[in-house]
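**Q** Got a structure for you, questions after.
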Amino acid sequence: MNQPKDIMRGDTIWEPLARAIAAIGTDEHVDRLIDLIGVDIAHDLVTVTRYSATKTPEFVKHRGFSDEMVSHYLASYYVFDPFYASWQRERRLGIVPLKRLADDEVKRGQYIAGFLAQSRIVDEVGILFADGGDWCLGIFLDRSEKPFREREIALLDERLPVFSALHALDIKARAPDFLRTSAPSGPAASPRKPSIPDELWPELSQRERELVQLVLAGHPTAAIAERLGITVGTTKNHRRRIYEKLDITTERELFLQFFEFMTRD
């Protein structure tokens, strides 16, 4: 009787699994977890990002990716990232293929048509793990030529409990003040807070620019009100006046104006 191909290939997982277990609680944990996740799943490059429900994303590391594109992502493209939007909205962990988010994030076309196209990526699948507080750690496998097949996604789903258990053990092994991302050592080592150039939106007051910067940084209305020392109602009124001045009606249009200005030649 012939064995299913996935079972026959399963023998290749044992050595990477042993290395991943041995790396729990060490600086090699994420790299060994990437090795394990990538077993039998062909990919061209890997990116690792942390998402928060209230803060801008943090870029942890990458393999085969462009440092320049990392900088572009942290400066502006993150606002169109459907994985980031999904985490803020649903806090969904596990295997998340890009194509499952496409219908929900059609309006965030700049991520696919801009960021992924410039990065020469045609498909992406994320593996999201709880990473303390309102953060998750996302390990993303990317392909440059052909999309991931359903049976490959199914294989990742099958192995997800092992991946998740390893990451949970790593968190448990860490000190309470452990940071997944350390102090920046280069231009792409940590996220940059969005900064509004002086020539963009000159019609806004300084107070309104402070509020817009918090919106671009991903803070919800209640958090903005707390940071600025005003009520939620006042914050909403400020946002309404800002939208009127900029002739827009939605937060997405605000992000789009910022993105288009920052990526202008």
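**Q** Within segment 53-84, track down each residue that is small (Gly, Ala, Ser) and touching a helix residue (DSSP H, G or I) at 6+ places or on another chain (Cβ under 8 Å).
**A** Listed by number, the residues that qualify are Ala53, Ala75, Ser76.
**Q** Hey, another quick one. When the residues of segment 42-60 are narrowed to those that are of a type outside the set (A, V, I, L, M) and over 12 Å from the mean Cα position of the chain (by Cα), which ends up least open to solvent (accessible area, probe 1.4 Å)?
**A** Thr54
**Q** A follow-up question, please. Among the numbered criteria (1) part of a loop (DSSP other than H, G, I, E, B); (2) open to solvent by 50 Å² or more (accessible area, probe 1.4 Å), which one does Val39 miss?
**A** (2)
**Q** Still on this structure, please answer the following. Hey, can you tell me all the residues within segment 126-137 that are crowded, with 18+ Cβ neighbours inside 10 Å and without any contact (Cβ under 8 Å) to a residue 60 or more places away in the chain? Even if it seems obvious, please write down each step before you answer.
**A** Taking segment 126-137 first, the residues crowded, with 18+ Cβ neighbours inside 10 Å are 126-129, 131, 135-137.
Across segment 126-137, the qualifying residues are Gly126, Phe129.
**Q** Please tell me if Ser86 is open to solvent by less than 10 Å² (accessible area, probe 1.4 Å) and within 10 Å of the chain's Cα centre (by Cα).
**A** yes
**Q** Select, from Thr47, Thr26, the only residue that is touching a Phe, Trp or Tyr at 6+ places or on another chain (Cβ under 7 Å), among the hydroxyl-bearing types (Ser, Thr, Tyr) and modelled with pLDDT of 90 or more.
**A** From the options Thr47, Thr26, the qualifying one is Thr47.
The values are calculated or read from the model by the stated rules, or taken from the named source; none is laboratory data. Quantities reported herein were computed from a predicted structural model and do not represent experimental measurements. So basically every Cβ, Gly included, is an ideal-geometry build from the backbone, and we count neighbours across all protein chains shown. Ligands, DNA and RNA are stripped out before the accessible areas are found, and what is left, the full protein with its side chains, is counted by its heavy atoms. Shrake-Rupley method; radii C 1.70, N 1.55, O 1.52, S 1.80 Å.
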